[in-house]
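The values are calculated or read from the model by the stated rules, or taken from the named source; none is laboratory data. All figures in this text were calculated on a predicted structure; none of them were measured in a lab. Positions of Cβ are generated from backbone atoms using ideal geometry, with glycine treated the same way; all protein chains shown enter the neighbour counts. What goes into the accessible areas is simple: the full protein's heavy atoms, side chains included, and nothing from ligands, DNA or RNA. Shrake-Rupley method; radii C 1.70, N 1.55, O 1.52, S 1.80 Å.
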Amino acid sequence: MSPRKAVEQELTREIIMDTARELFMKNGYEHVSMRQISKALGYSHGAIYYHFKNKAGLFYELVKADFFLLDQTLEDIMNKPLDPESKLKEVFLGFIEFGLTHQSHYEIMFLIKDEEVRSCQQEEPILSYEKFAKAVFSLCGNQVTLTEIWSMFLSLHGFVSHYCRSGQTYKDVRSLAETHVNFILRAMLRK
């Protein structure tokens, strides 16, 4: 067996994606090349191209995988046997916990502003937001508007973005997250 085949068997898409995510976060999308990713992994750049067509394709796979994780978090919460108000609180806290537990994922999903990757960030965010909006709408007894749901999302996103950039974890700010979510819920109930 040739050494190249042995390398291809050892190097997985997940390993490449994890390394690429860290490099994108550290250096920015435009300042990372496939050669830099392969160098960080200790493999030839050809080994990376075996798994991904190009850098944009690699980035797109990162975005897709990260939104899948967020969607799975929402699904898990929606399947819990809770009353609607408790479930809604769990959905909001689950979003915050996801963002602060997976900070590099969250930054890739929502905070990278590179023009070249905007096309990679179109479909998954929209589909994920639609799932979030449908869950919130149903948990609120169909008594909220799309504008109100968007405002709730922006409030959660702002909280995560603020603390994500501070380097704090969900555990560090859990009580603040609960206060923030309770504030959003009280505002909805006054309506």
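Round to the nearest 10 and give me the degree value, 0 to 90, for the angle of helix 55-78's Cα axis relative to the longest principal axis of the chain. Here the helix axis deviates by roughly 30 degrees.
The residue among Cys140, Gly167, Met152 whose Cα reaches farthest toward the positive pole of the charge dipole of the chain, with charges on the beta-carbon of Lys, Arg, Asp and Glu, is Gly167.
Among the listed pairs Lys64/Lys171; Lys89/Lys134; Lys64/Lys87; Lys87/Lys134; Lys64/Lys89, which are separated by more than 21 Å between their Cα atoms? Listed pairs above 21 Å: Lys64/Lys171; Lys64/Lys87; Lys64/Lys89. For the chain, the share of accessible area belonging to carbon and sulfur comes to 54 percent (1.4 Å probe, ligands and nucleic acids excluded).
In this label model, Glu30 and Glu178 are separated by 4.4 nm, measuring between points 7 Å along each Cα→Cβ vector.
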